[in-house]
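Each value in this text was obtained by applying a stated rule to the coordinates, not by laboratory testing. This structure is a prediction, so every number in the text was calculated from the model and none was measured. Because the Cβ atoms are built from the backbone with ideal geometry, glycine has one as well, and the counts that use them run over all protein chains shown.
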Amino acid sequence: MKYFFLVALTLTAQPNLEPGTLPASWITGGPNCLEIPDWQVHQYNPTFLILRESGCTNYEKPFLYLILGKDRALLVDTGAGQVDTAVFVQKLIGKLPLMVVHSHAHGDHVAGDKGFTAATLIPATVEAEQKAFAIANWPEQPGSIDLGDRIVDVIAIPGHQAAHVAYYDRKTGILLTGDHLYPGRLYISDFPAYVASTRRLVEFTELRPVAHILGCHIEQSSTPYVDYPTGTKYQPHEHSLELGRAHLLELMSALEDLHGKPEKVFLRDLTIYPVAPRK
């Protein structure tokens with residue numbers, strides 16, 4: 001009887017999340033750039049879109065996220081290199097008001113900012129993010145964005161970059177982690193802050209359902225422990241974009257095992273990669 005009770009309890013406790021689908025593979029940057037669109041758009045579901053910039057446009061091939069609410073849309077990041085992201089995104093959202101935010105301030109995530117003159121654009125600075133997301137106590141206190149019948153939580157996660165934040169969409173259970181956690185080289189410029197931020201994400205997700213963890217890049221190949229070198233445009237055998245909370249817990253455990261001493265650690269799907277601070 002105990003077994004059946006536990007099963008029933010598990011079934012009734014399932015979170016009521018909006019489901020979606022992810023592709024088996026993504027367009028990267030080749031082999032023939034004449035046949036590759038500047039942007040790939042994948043509809044996870046009708047209100048959550050994933051955009052990927054082509055490696056033929058910029059080798060970083062970043063992922064951008066477009067979340068649609070009742071009152072406005074939210075775009076996370078604006079792309080890398082010479083891009084006119086605003087024109088492309090406007091075609092996707094029509095007349096819906098747009099708020100543009102960032103995972104962090106590095107150039108491959110803010111290059112398309114200049115085109116969003118008609119949108120509400122939040123600069124990738126600690127001060128601007130604190131004000132826009134109502135984060136009174138940075139980085140410990142989470143903030144939020146109300147899109148109209150849709151709340152997106154904002155968690156400060158400095159360590160890769162000082163103004164880095166993660167976004168949690170309550171409707172889908174998707175956690176967007178930018179460059180903090182993705183299948184690739186996790187560049188850490190402030191090690192103590194990064195460890196504290198990872199722990200903050202672990203604690204945030206303890207009582208919240210996590211359908212997927214989605215970062216902004218794929219650098220890992222589909223072969224365990226093997227990544228693509230920096231500058232690679234065409235990645236025909238790359239790792240999947242999506243990670244899970246198990247990867248977050250694995251990252252936390254590996255960081256704790258370093259006991260405050262930054263070192264490279266090669267894990268199956270990602271690499272802890274301390275570096276000098278980047279301006």
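For residue 103, what residues show an amide H to amide H distance below 5 Å, using hydrogens built from the backbone and excluding near sequence neighbours?
77
Please list, in order, the residues from region 190-225 whose amide nitrogen is less than 20 Å from a point placed 7 Å along the Cα→Cβ vector of residue 268.
210-215, 218-225
I want to check a number: in region 38-274, how many lysine pairs have alpha carbons closer than 23 Å, given a sequence separation of 8 or more or different chains?
11
Write down the percent of antiparallel bridges among all DSSP beta bridges whose residues are both part of region 38-274, to the nearest 5.
Of all bridge pairs located within region 38-274, approximately 70 percent are antiparallel.
For the chain, which cysteines have no disulfide-compatible partner, meaning no other cysteine Cβ under 4.7 Å?
Result for the chain is 216, no neighbouring Cys Cβ within the cutoff.
What is the gain in length, in nm to one decimal, between residue 96 and residue 45 on full extension, counting 0.36 nm per residue of separation less the C-alpha to C-alpha distance?
16.6 nm
Between residue 82 and residue 276, what length in nm is gained on full extension when 0.36 nm per residue of separation is reduced by their alpha carbon distance?
In short, 67.2 nm is gained.
Separation between the residue 136 and residue 34 pseudo-spin-labels, each 7 Å from Cα along Cα→Cβ, expressed in nm?
6.1
On a full-extension model of 0.36 nm per residue, what is the gain between residue 146 and residue 258, subtracting their alpha-carbon distance, rounded to one decimal in nm?
36.5 nm
Could you pull out every residue, at least 5 positions away or on a different chain, whose amide H is within less than 5 Å of the one on residue 275? Hs are placed 1.01 Å off N in the peptide plane, and Pro or chain starts have none.
Those lying under 5 Å, H to H, from residue 275 are 188, 189.
Quick one: check the C-alpha center-to-center distance for region 48-106 versus region 233-272, whole angstrom.
Computed from Cα coordinates, the inter-centre distance equals 25 Å.
What is the magnitude of the charge dipole of region 8-81 about its Cα centre, with +1 placed on the Cβ of each Lys and Arg, -1 on the Cβ of each Asp and Glu, and no other charges, expressed in debye to the nearest 20?
Its charge dipole is roughly 160 debye.
Can you give the charge dipole size of the chain about its Cα centre, rounded to the nearest 20 debye, using +1 on the beta carbon of Lys and Arg and -1 on the beta carbon of Asp and Glu?
300
Convert each backbone phi in region 57-68 into a coupling constant with the Karplus relation 6.51 cos²θ - 1.76 cosθ + 1.60 (shift: θ = phi - 60°), then list the ³J(HN,Hα) values in order as whole Hz, x for Gly and Pro.
Once θ is set to phi - 60°, the couplings for region 57-68 become 8, 7, 5, 5, 6, x, 9, 10, 10, 10, 10, 9 Hz.
With an 8 Å cut-off on Cα pairs and a minimum separation of 6 or more residues, tell me the relative contact order of region 38-274 in percent.
Relative CO of region 38-274 lands at 14 percent.
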